[in-house]
Amino acid sequence: MVVGDASGAGPQPLLSVRRLKVFHGKFEAVHGVDMDVGEGEIVSIIGANGAGKSSLMKAIIGQVDRVEGDIRFDGQSLAGRATADIVAGGIALIPEGRRLFPSLSVEENLALGWEVGRKGEITLDDVFELFPILRERRRQKARELSGGQQQMVAVGRAMLSNPRLLLCDEISLGLAPTIINDIYKVIPSIRERGIGIIVVDQDIGRSLAVADRFYCMLEGDFSLTGRPRETDRDTVMKHYFGL
Amino acid sequence: MTMPAQPSLRKPAMRRRAFLRSQMRNIAPFVTLIALVAFFWVASPSFATMDNVANILTQISVAGIMAVGLTFVILCAEIDLSFAAIANAAGIVVAYFTTQASYVNVHNIPLPGGVAIVLAILASAVLGLVNAFGLTVIGLPSFIMTLAMMQIAAGICALLVRGQIVYAVPDLVKELGAGSIGGVPWIVIVLAAFLLVGHIVLTYTRFGRYVYMVGGNREAAEYSGVNVNRVLAAVLVISAVCAGVAGMLGVAHFGSAQQNEFDGYLLDAIAAVVVGGTSLFGGRGGIGNTIIGLFVLGVLNNGLDHVQIDSFLKILIRGLILLAALIINVYAQNLRSGSVQEAD
Ligand SMILES: Nc1ncnc2c1ncn2[C@@H]1O[C@H](COP(=O)(O)OP(=O)(O)OP(=O)(O)O)[C@@H](O)[C@H]1O
Ligand SMILES: [Mg+2]
């Protein structure tokens, strides 16, 4: 179901996904979805546990066994491309559960983004400006940081790869509300650089508040898509739970 | 904005204990080494002499050069079981392309020394590449792939020498393997150079950091865009080339090349790396640990020859001490993950 004018990404979207099926072994987790993300657009994907949100993120970054359908980034098909190649081409994923390198320092964790990514204007100083605490802790091992600080490192690392499309999978999971605020605050400033952003979050309210458009995922399909400001909460909840 | 510190880390004493626990992997091998040295010092008057120290250094050289390459592999949470056989193959290849005495009954192809050396190193690199292909392209576990390679390399050795023994190697190899300068054996200097370069690469280069990343959290490395397969391929080739050099120098050191010459080094080099405290689960440890591990092994092997023990019992004692060190390695891993929250 589509609510309002949901086509927001423009005629030549940054990311365009068509009839995408995602498989884990034989199991089909996503059943042929269409999605667009434009430059500088924030798109939210909501859905219950197991709906297939992470599967979709992993498919875009090239980390699933098999996909069918079409994923185009800047008009180019991503089919068969290795993750390293996709990241170098300008897509970065902040994966579920952060996934830092615990025995390496904050700086080393951040540097990785710069090394593997697209060359661009975002520097270490930009990240330290957004998250000043990381500047203080730059020499500390990642494992010695709090959960929130680790998430900041994960966000910073992804930004340093100078993506044109940033995928955020559950960036607020397990964090205290004030820290979630700190992290969500940077999303609009990332968008201002013309970066397209996909936000996946269990916190529906927060993720819809920041988004231009949203897709609601239910058991591997999009059950609802539209603009948050044009969609009432009841409709969202109905499609969220498949009622 | 900081999260509350873990309550258990608040008191300095507790914090210190947590630190010690997290350093267990580095402390235990060092304590083991000191204990062994102390024991043999007391037990045998001939152990703690300058001559014997030089002996130990020479004795660990061949295994040590292999262990440098193996450290890279184990840091990636992979294993190489083929390096001793690859060393054997490289040693035989270099001899195969060297003029042998007339009584050596091998149909070899004499070439200039430099060419023979290059061919031997190339041969080991190619065998390492085959390992890499099996692991990264076909998707075989490294344990299986390198087990097969162990047999393949042994087969190459067998075909080249056909049960014979060859003796001559190029002059350069002979000098580095058996010669010395100012009383210091060249092979010890080569070992030191390999250890140094290995340490610099692992500690100060991007590639070295990727090795720790791939071993510490492979999924994270993949998701962030590290070319994990390329890193894995590189470490297997590095291991094979280190083995190739060790094999050539070993042949010069022992004075002959024959089938199965380095089989015993398989266990020695793996033990040195693991006893030194490099985690079998990847991501932790390094050349510093390997150095300690080499000394533990060298002191143990050498010291047992200086005390009056049944030589058959020695084999058992060696095995038991290695087992103890392995238990500490795994136990240190558990201490870590039990005491400090890991971010994966
Ligand atoms: N590696 C895998 N192997 C097999 N099945 C998987 C794998 N990963 C996910 N799945 C299955 O795919 C479906 C979608 O999982 P996915 O992780 O994409 O959901 P999600 O929407 O991200 O859920 P959550 O909100 O809990 O993170 C689930 O049924 C899950 O069991
Ligand atoms: Mg998920």
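The values are calculated or read from the model by the stated rules, or taken from the named source; none is laboratory data. It should be emphasised that the depicted structure is a prediction, and the values quoted were computed from it without experimental measurement. When we count neighbours, we look across all protein chains shown, and the Cβ atoms used for this are built from the backbone with ideal geometry, even at glycine. Heavy atoms of the whole protein, side chains included, go into the accessibility calculation; ligands, DNA and RNA do not. Shrake-Rupley method; radii C 1.70, N 1.55, O 1.52, S 1.80 Å.
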Give the residues of region A:11-45 whose amide nitrogen is closer than 12 Å to a point set 7 Å from the Cα of A:ARG66 in the direction of its Cβ. A:22-29
Determine ³J(HN,Hα), in whole Hz, for all residues of region A:226-243 in sequence, where each value follows from phi through the Karplus function 6.51 cos²θ - 1.76 cosθ + 1.60 and θ = phi - 60°; x replaces Gly and Pro. x, 9, x, 6, 9, 10, 7, 4, 4, 4, 4, 5, 4, 6, 5, 9, x, 7
Restricting to aspartates and glutamates and to Cα separations under 17 Å from A:LYS185, and discarding same-chain partners fewer than 8 apart, the set is A:GLU41, A:ASP126, A:GLU129, A:ASP169, A:GLU170, A:ASP201, A:ASP203, A:ASP212
Please list, in chain and number order, the residues 5+ apart from A:GLY90 or on another chain whose amide H is under 5 Å from its amide H, with Hs placed from the backbone. A:ARG118
Can you give me the distance in nm between label points at B:TYR103 and B:ILE165, each placed 7 Å from the Cα along the Cα-to-Cβ direction? 1.1
Can you work out the accessible area per residue across chain A, with the rest of the protein chains kept in place, probe 1.4 Å, in square angstrom? 40
Estimated 222 nm signal from helices in chain A, with DSSP H stretches of n ≥ 4 weighted -39500 (n - 2.57), rounded to 500: -9500 deg cm²/dmol
Among A:LEU165, A:GLN76, A:PHE128 - extreme Cα towards positive end, dipole of chain A, charges at beta-carbon: A:PHE128
Across 10 Å bins beginning at 0, the whole-percent shares of Cα-Cα pair distances in the protein assembly as shown come to 3, 15, 22, 20, 16, 12, 7, 3, 1, 0
Accessible surface of region A:15-241, 1.4 Å probe, proportion on carbon and sulfur as whole %: 46
Straight-line reach from A:LYS238: which lysines fall under 20 Å, measuring Cα to Cα and dropping same-chain residues less than 8 apart? A:LYS53
Under a cut-off of 23 Å between alpha-carbon atoms, report the lysines in cross-link reach of A:LYS58, not counting same-chain residues fewer than 8 places apart. A:LYS21, A:LYS26, A:LYS119
1/(1 + (r/R0)^6) with r = Cβ-Cβ of A:ARG19 and B:SER180, R0 = 56 Å, i.e. FRET efficiency to nearest 0.05, evaluates to 0.20
So what are region A:15-241's ellipsoid semi-axes, whole angstrom, largest first, if each one is the square root of 5 times an eigenvalue of the alpha-carbon gyration tensor? 27, 20, 16
Using amide H atoms built 1.01 Å from N in the peptide plane, name the residues 5+ places from B:ALA77, or on other chains, whose amide H lies under 5 Å from its own. B:GLY282, B:GLY283
Chain B: translational diffusion in µm²/s, Stokes-Einstein, Kirkwood Rh over Cα pairs, 25 °C, 0.890 mPa s: 116
Run through region A:126-209 and list the GluC sites (Glu not before Pro) located in a DSSP loop whose Cβ has at most 13 other Cβ atoms within 10 Å. A:GLU192
Amide H of A:GLU41 versus every other amide H placed in the peptide plane: which residues, excluding those fewer than 5 positions away on the same chain, fall under 5 Å? A:GLY196, A:ILE197
Rg and Dmax of region A:72-156 over Cα atoms: what are they, in angstrom? 14.0, 42
Given bins 10 angstrom wide, list per bin the percent of all Cα-Cα distances in region A:148-243, short to long. 14, 46, 32, 8, 0
Output ³J(HN,Hα) for region A:48-61: one whole-Hz value per residue in order, computed from phi by the Karplus curve 6.51 cos²θ - 1.76 cosθ + 1.60 with θ = phi - 60°, and x for Gly and Pro. 5, 4, x, 5, x, 5, 5, 4, 5, 4, 5, 5, 5, 8
Taking the Cα atoms of region B:98-156, what is the range of coordinates along each of the three principal axes, in descending order and whole Å? 46, 22, 12
For the A:LYS26, A:THR178 Cβ pair and Förster radius 60 Å, calculated FRET efficiency rounded to 0.05 is 0.85
Given only helices, namely DSSP H runs of n ≥ 4 each adding -39500 (n - 2.57), what is the per-residue ellipticity at 222 nm of chain B, to the nearest 500 deg cm²/dmol? -24000 deg cm²/dmol
Once the Cα gyration tensor of region B:1-118 is found, what semi-axes does its equivalent ellipsoid get, as square roots of 5 times the eigenvalues, in whole Å, sorted largest first? 48, 25, 10
Quick one: putting +1 on the C-beta of Lys and Arg, -1 on the C-beta of Asp and Glu, what dipole do you get for region A:15-241 around its Cα centre, in Debye to the nearest 20? 340
Dipole moment magnitude, nearest 20 debye, chain B about Cα centre, only Lys, Arg, Asp, Glu C-beta charged: 1220
Rolling a 1.4 Å sphere over the protein heavy atoms, what is the accessible area per residue of region B:206-264, to the nearest Å²? 30
Cα gyration tensor of region B:49-116 - equivalent ellipsoid semi-axes, whole Å, descending: 30, 21, 10
Output wanted: per-residue J couplings in Hz (rounded whole) for region B:255-267, from phi through Karplus 6.51 cos²θ - 1.76 cosθ + 1.60, θ = phi - 60°, x for Gly and Pro. x, 7, 10, 8, 4, 6, 4, 10, 3, x, 6, 4, 5
Local electrostatic count, B:ALA153, Cβ distance below 14 Å [Lys/Arg +1, Asp/Glu -1]: -3
